[in-house]
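Okay, so here's the structure we're looking at.
The values are calculated or read from the model by the stated rules, or taken from the named source; none is laboratory data. For clarity, every value in this text was computed on a predicted model and none was experimentally measured. Glycine gets a Cβ as well: all are built from the backbone with ideal geometry, and neighbour counts include every protein chain shown.
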């Protein structure tokens with residue numbers, strides 16, 4: 001393995017270290033700056049705790065929804081191609097390129113009281129804007145492509161010979177799905193799920209618009225952090241930020257593990 | 001299980017891949033579907049398996065019309081060219097898969113899989129994973145997996161194409177003896193004519209979606225129905241404008257045949273090829289065995305006389321074609 | 001999505017255009033594009049260097065570096081935003097204050113887009129064998145020359161795709177940019193926060209108009225980079 005020049009190595013390490021590592025370290029430093037007792041008190045802050053709980057509730061619904069959709073759509077697009085699936089494929093990638101603020105705007109236009117769908121839904125007593133369902137909807141929207149983008153190229157690469165073989169051995173479609181298909185995309189899906197989780201708990205702009213940022217009611221943890229900063233509760237904000245940063249690190253570990261296992265899967269294709 | 005194909009037709013979009021194919025395959029035989037790439041042979045195999053639908057015609061297995069029966073109900077064993085191992089499962093679980101689907105009790109599964117492992121000589125690989133197996137071993141595992149469900153017909157799609165010459169050769173003879181021992185109706189798809197001739201009881205030669213000829217290897221080789229079959233099954237050369245097999249040209253005493261000069265001699269182990277050119281500039285080549293070449297002691301530049309071997313009928317015959 | 005477009009044009013083409021070319025809007029768009037371009041360009045280079053070091057080298061801490069690259073993907077934008085603000089703003093322990101400047105915004109963008117370029121180049125680099133480069137070396141080419149004429153062209157398509165993605169993401173970025181930018185209209189307001197202020201002040205059709213404009217720009221960029229990338233990779237088979 002050729003080794004790159006020392007200068008390059010140093011340069012890259014410094015760049016990434018300062019750009020990424022420094023802020024990360026800073027978050028934790030700020031959180032711990034006032035000692036353990038202040039830390040404990042801040043963790044018990046009612047507003048933040050509610051926000052935390054809300055974020056968890058959103059994730060519990062949004063992430064599984066996206067996984068089911070992501071895997072299902074990927075299978076459909078790869079194994080049963082048609083004009084419709086090609087459109088679907090392109091549409092799925094859309095949220096990746098859109099600013100979260102625009103996402104919020106779009107949802108508002110569609111689902112507010114006087115919006116296109118909101119009008120109809122309101123008749124049934126469903127309020128999307130400024131409420132929990134709206135936040136879930138926004139979260140699902142922004143993380144829509146994350147699972148598919150991992151699974152689709154993999155499904156294409158693997159091909160369906162194994163599934164066809166299982167069919168000749170007598171297995172029905174459901175059994176084939178769970179014993180063959182799912183097992184071959186496990187780690188790619190895990191990678192996508194980790195990304196989805198990170199995106200859902202970390203979404204700011206879209207949720208800001210859709211939820212109305214009402215403390216104790218529709219304020220997720222990210223919004224709580226933002227609100228604290230705007231009100232100069234810097235310390236409280238950094239506590240919340242640390243929690244999310246910790247969560248991100250956990251997600252990173254999950255990503256790393258998934259990537260590692262996926263690489264091992266590749267070895268036997270040699 | 002006997003197989004009847006009746007007027008099978010299949011297109012992919014605007015591409016006519018199988019055109020009105022009719023054939024009957026007898027119980028217990030080993031048939032090779034032979035043809036160049038794109039001849040439709042793999043598609044035909046997949047249609048028999050139920051992995052592909054057909055546009056017209058029908059397929060019968062043992063007298064039963066299975067045209068609309070899905071693959072999982074046809075009781076067939078299928079092996080892909082890439083062996084399609086279930087990478088996430090051990091060799092044991094791979095082979096046991098079809099038995100688990102049939103809800104066989106665990107102890108019985110264990111017995112049957114062990115038997116199969118012994119049959120394909122993979123006993124020591126029970127707990128290994130496919131990624132740890134060589135190509136030949138994966139192929140044997142795929143066969144064991146297909147045989148586990150006691151299929152009535154075994155379908156093999158280019159099973160030896162990805163193996164090197166030696167491993168492929170060994171596996172070929174092993175498959176042939178296995179098939180004779182078990183007596184399962186087997187169909188093998190290949191583009192390699194020597195492979196087909198080596199192990200098949202009967203050849204079905206396909207070209208461009210149509211059957212050109214069927215028959216035993218010897219019959220088809222000696223009495224090809226047309227120029228395509230003749231050229232596909234073996235080497236061809238010309239002598240004085242007549243198309244013939246290089247091994248049907250013999251060297252004779254001077255004056256009895258065409259005079260030609262030896263241009264090149266290629267020694268290829270068992271076979272020696274002698275390239276000759278006659279006075280008009282036409283070139284042919286003669287195929288000799290190792291012994292023949294040694295005895296004749298030829299050298300480049302020698303003048304020789306050539307003629308067609310007596311008794312070798314080299315013009316295409318109107319042999320019955322199956323339609 | 002259709003709702004967005006109809007709302008944007010609902011009040012006629014004229015008002016769509018007015019909203020887009022309003023001075024504040026233009027200022028915001030210009031600033032956004034500038035910062036995004038610089039950020040993406042820097043990260044194109046940095047991403048290439050980082051991927052290189054990750055793939056073609058072995059040193060301690062490589063694993064951590066690899067994991068760190070994904071951090072901007074995983075970290076909530078607002079966390080990045082407030083941290084960068086505190087780190088480089090008025091309360092900065094480093095005694096710098098780049099809030100309200102285009103540099104601050106660009107740094108935020110660099111943070112967010114680093115993974116895009118690295119991760120798009122990395123797989124290509126990993127699957128590259130050394131053969132072509134070895135052949136060039138036997139023909140007498142020097143290391144820089146080999147890099148310029150062999151390596152770089154092979155990586156170019158992936159690099160372009162990644163940079164395009166980074167660019168498109170950057171022009172829409174909100175959470176990480178909004179704090180450090182201070183949002184001064186005409187001075188340091190990014191397109192996304194301009195749209196935000198329009199939305200929350202009820203000027204929905206203007207917001208929709210500018211959004212459409214931004215989306216058009218984003219898609220145009222993606223198409224452009226995608227086409228460039230495809231054009232380059234066509235010559236490689």
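Going residue by residue through segment B:201-208, is there one that turns out to be over 30 Å from residue B:180 (Cβ atoms) and in contact (Cβ under 8 Å) with a residue 24 or more places away in the chain? Checked against the condition, which is being over 30 Å from residue B:180 (Cβ atoms) and in contact (Cβ under 8 Å) with a residue 24 or more places away in the chain, segment B:201-208 yields at least one hit. Among the residues making up segment B:103-133, none is surrounded by fewer than 12 Cβ atoms within 10 Å (Cβ to Cβ) and under 18 Å from residue A:162 (Cα atoms). The residue that is farthest from the chain's Cα centre (by Cα), counting only those in segment A:8-67 that are under 25 Å from residue C:84 (Cα atoms) and not in a helix (DSSP H, G or I), is A:34.
Here's a check for you: in segment A:207-229, which residue that is out of contact with any helix residue (DSSP H, G or I) (no Cβ under 7 Å at 6 or more places or on another chain) and at pLDDT below 80 is farthest from the other protein chains (Cβ to nearest Cβ)? Step through it out loud before you land on a result.
The first filter runs over segment A:207-229 and keeps only residues out of contact with any helix residue (DSSP H, G or I) (no Cβ under 7 Å at 6 or more places or on another chain), leaving A:212, A:214, A:217, A:227.
Of the ones still in play, those that are also at pLDDT below 80 are A:212, A:214, A:217.
Working: A:212: 10, A:214: 14, A:217: 18 Å.
Among those that are out of contact with any helix residue (DSSP H, G or I) (no Cβ under 7 Å at 6 or more places or on another chain) and at pLDDT below 80, it is A:217.
At least 1 residues that are touching a helix residue (DSSP H, G or I) at 6+ places or on another chain (Cβ under 9 Å) and closer than 24 Å to residue B:121 by Cβ in each: list the strands (runs of 3 or more DSSP E) lying fully within segment B:23-101 that qualify. Before you say what the answer is, go through the steps one by one.
Working: elements: B:30-34, B:56-61, B:76-79.
Because the criterion is at least 1 residues that are touching a helix residue (DSSP H, G or I) at 6+ places or on another chain (Cβ under 9 Å) and closer than 24 Å to residue B:121 by Cβ, the strands (runs of 3 or more DSSP E) in segment B:23-101 that meet it are B:30-34, B:76-79.
A single entry from A:199, A:183 fulfils the requirement of being at pLDDT 85 or above, more than 14 Å from chain B (Cβ to nearest Cβ) and part of a helix (DSSP H, G or I): A:199.
For (1) modelled with pLDDT of 85 or more; (2) more than 14 Å from chain C (Cβ to nearest Cβ), each residue gets a yes or a no:
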site	(1), (2)
A:9	no, no
A:26	no, no
A:37	no, yes
A:41	no, yes
A:47	no, yes
A:59	yes, no
A:98	no, no
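When you go through B:77, B:98, B:35, B:57 one by one, which is the residue that is free of Cβ contacts under 8 Å to residues at least 60 places away in the same chain and crowded, with 24+ Cβ neighbours inside 10 Å? Residue meeting the stated conditions: B:98. In the condition set (1) more than 18 Å from residue C:27 (Cβ to Cβ); (2) at pLDDT 80 or above; (3) surrounded by 24 or more Cβ atoms within 10 Å (Cβ to Cβ), residue C:208 is compliant with all but (2). Right, residue C:158: crowded, with 19+ Cβ neighbours inside 10 Å and over 30 Å from residue A:220 (Cβ atoms) or not? Spelling it out, residue C:158 is indeed crowded, with 19+ Cβ neighbours inside 10 Å and over 30 Å from residue A:220 (Cβ atoms).
Within segment B:177-196, the set of residues being modelled with pLDDT of 90 or more and touching a helix residue (DSSP H, G or I) at 6+ places or on another chain (Cβ under 6 Å) comprises B:186, B:189, B:190. Say whether the condition of being more than 10 Å from chain A (Cβ to nearest Cβ), part of a helix (DSSP H, G or I) and over 25 Å from residue A:196 (Cα atoms) is met by at least one residue in segment C:72-94. Scanning segment C:72-94 turns up no residue that is more than 10 Å from chain A (Cβ to nearest Cβ), part of a helix (DSSP H, G or I) and over 25 Å from residue A:196 (Cα atoms). All of (1) surrounded by fewer than 19 Cβ atoms within 10 Å (Cβ to Cβ); (2) within 12 Å of chain A (Cβ to nearest Cβ); (3) free of Cβ contacts under 8 Å to residues at least 40 places away in the same chain hold for residue B:64 with one exception: (2). Only helices (runs of 4 or more DSSP H) whose full extent lies in segment C:135-237 are considered here, and the ones with at least 2 residues that are facing another protein chain (nearest Cβ under 10 Å) are C:152-172, C:175-181, C:191-200, C:204-234.
Checking each residue in segment C:35-71 for being within 7 Å of another protein chain (Cβ to nearest Cβ), over 27 Å from residue A:197 (Cβ atoms) and in a loop (DSSP other than H, G, I, E, B) picks out C:56, C:57, C:58, C:59. On the stretch given as segment C:110-120, residues that are crowded, with 23+ Cβ neighbours inside 10 Å and over 18 Å from residue C:86 (Cβ atoms) total 7. Scoring residue A:54 on the criteria (1) out of contact with any helix residue (DSSP H, G or I) (no Cβ under 7 Å at 6 or more places or on another chain); (2) surrounded by fewer than 17 Cβ atoms within 10 Å (Cβ to Cβ) leaves a single failure, condition (2).
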